[in-house]
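Please read the structure below before turning to the comments.
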Amino acid sequence: MKRNLTRTVLLATLSLLFAASALAAPEIVRSGNLVLTDDGGLVPQKLPRHGSAPATARLEATIGTLDGSHPPALQTIDLEVSKTIQVDAVGLPVCREGQILATSTATAKKACGDALLGSGSAQVEVAFEEQAPFSATGPLLLFNAGVQGATTKVLLHAYVDIPAPTAIVVPADILRIHDGPYGLEIRARIPRIAGGAGSVTKFALKVGRKFSYKGRPRSFITAGCPTGRWGAKGEAGFSDGTKLQVLHVFPCTPAA
């Protein structure tokens, strides 16, 4: 009996470890010396087979080089996401770009806290001429910037010491599209950092917001799981002309 119990516990533990590794498997894309690691997912993983439910997205990426040299700067992101995932910011307060330009994280929160959609952190590596590269990490905030027809606008605010404390604001558009299995497109253009000497090397962002509008509960992100998986595809453009193509399929669990 004891041997059977030990075997059962061992099998259960191995099953949990295998499931965790499957859920956490990142997608690694290379082009020449440049390497991008894409990771993330949705919480909860168990989502309705029919319809949708509130969800939180976790977005993570790392950018580096095979030889450890300073990577080119990320300039553009164009990402399409499965049509089983939708966003809804109607009824949320709106943050204007001018309210958070050249501001600290605390000031940005004070100005636009009621429009907050998510938070996280970003790492930037700076390589000035005739100086060794150095890295700095700072907080990330994501704000709702309003809805215009089929487009939801957001503002990403980062505050990093490069080397002086600097606010970086990235406007992005989330568009409803009809492209086969994809229903959302996310477009962003990253401004020059430290006069072009700075490159984003890592970011992690958790996005999700529940709110009420006209007396009804709403969620910024809703998702369903009709097939047991969802996916994202896109392109990241860099200052040296490199374009990395990303295709990432994530598991989910259909619920009745």
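Taken together, the values in this text are just the output of simple stated rules run on the coordinates, not laboratory data. Values in this document were obtained by computation on a predicted structure and should not be read as measured data. Note that we place each Cβ from the backbone using ideal geometry, even for glycine, and neighbour counts take in every protein chain shown.
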Practice item. For region 199-246, name all the residues that are under 17 Å from residue 57 (Cα atoms) and hydrophobic (A, V, I, L, M, F, W, C). Key: 203, 204, 205, 207, 211, 220, 221, 223, 225, 230, 232
Check your understanding: Pairs, please: C-beta under 7 Å, at least 6 apart or cross-chain, first residue over 14 Å from residue 172 (Cα atoms) and in region 74-89, second among the polar types (S, T, N, Q) and in a loop (DSSP other than H, G, I, E, B)?
Key -> 86/52
Point to revise | Pair list, Cβ under 7 Å, 6 or more apart: region 205-233 residue without any contact (Cβ under 8 Å) to a residue 40 or more places away in the chain and over 28 Å from residue 139 (Cβ atoms), other residue of a type outside the set (A, V, I, L, M) and surrounded by 13 or more Cβ atoms within 10 Å (Cβ to Cβ) | key: 228/251; 228/252; 228/254; 229/250; 229/251; 229/252
Check your understanding: Using beta carbons and a limit of 6 Å, which pairs, at least six apart or on different chains, have the first residue in region 163-175 and of a type outside the set (Val, Ile, Thr) and the second one surrounded by 15 or more Cβ atoms within 10 Å (Cβ to Cβ) and not in a strand (DSSP E or B)?
Key -> 167/103
Exercise for review: Looking only at region 209-232, count how many residues are exposed (fewer than 13 other Cβ atoms within 10 Å of the Cβ) and among the basic types (Lys, Arg).
Suggested key: 3
Review point. Mind checking which residues of region 191-208 are more than 18 Å from residue 55 (Cα to Cα) and either surrounded by fewer than 20 Cβ atoms within 10 Å (Cβ to Cβ) or of a type in the set (Ser, Thr, Tyr) (or both)?
Key: 191, 192, 195, 196, 197, 199, 201, 202
**Study point:** Residues of region 114-147 classified as among the aliphatic types (A, V, I, L, M), within 16 Å of residue 201 (Cβ to Cβ) and either in contact with a His (Cβ under 9 Å, 6 or more places away or on another chain) or surrounded by 16 or more Cβ atoms within 10 Å (Cβ to Cβ) (or both), total
**Key:** 6
Practice item. Pick out the one residue from 51, 146 that is at positive phi and part of a loop (DSSP other than H, G, I, E, B). Key: 51
Exercise for review: Report yes if some residue within region 77-100 is surrounded by fewer than 18 Cβ atoms within 10 Å (Cβ to Cβ), farther than 20 Å from residue 211 by Cα and among the small types (Gly, Ala, Ser); otherwise report no.
Suggested key: yes
Check your understanding: Looking at region 55-68, which of its residues are in a strand (DSSP E or B) and under 20 Å from residue 249 (Cα atoms)?
Key -> 56, 57, 58, 59, 60, 61, 62, 63
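Could you go through region 233-247 and let me know if any residue there is over 19 Å from residue 30 (Cβ atoms) and either surrounded by 17 or more Cβ atoms within 10 Å (Cβ to Cβ) or in contact with a helix residue (DSSP H, G or I) (Cβ under 8 Å, 6 or more places away or on another chain) (or both).
no
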Practice item. Would you confirm whether any residue within region 171-193 is closer than 29 Å to residue 70 by Cα, over 17 Å from the mean Cα position of the chain (by Cα) and part of a strand (DSSP E or B)? Key: yes
**Study point:** Leading residue by the ranking (farthest from residue 91 (Cα to Cα)) among those in region 200-246 that are part of a strand (DSSP E or B) and of a type in the set (Phe, Trp, Tyr)
**Key:** 238
Review point. When you look at residue 61, is it among the aliphatic types (A, V, I, L, M) and in contact with an Asp or Glu (Cβ under 7 Å, 6 or more places away or on another chain), yes or no?
Key: yes
Check your understanding: Can you find even one residue in region 72-82 that is part of a strand (DSSP E or B), among the acidic types (Asp, Glu) and in contact with a Phe, Trp or Tyr (Cβ under 6 Å, 6 or more places away or on another chain)?
Key -> yes
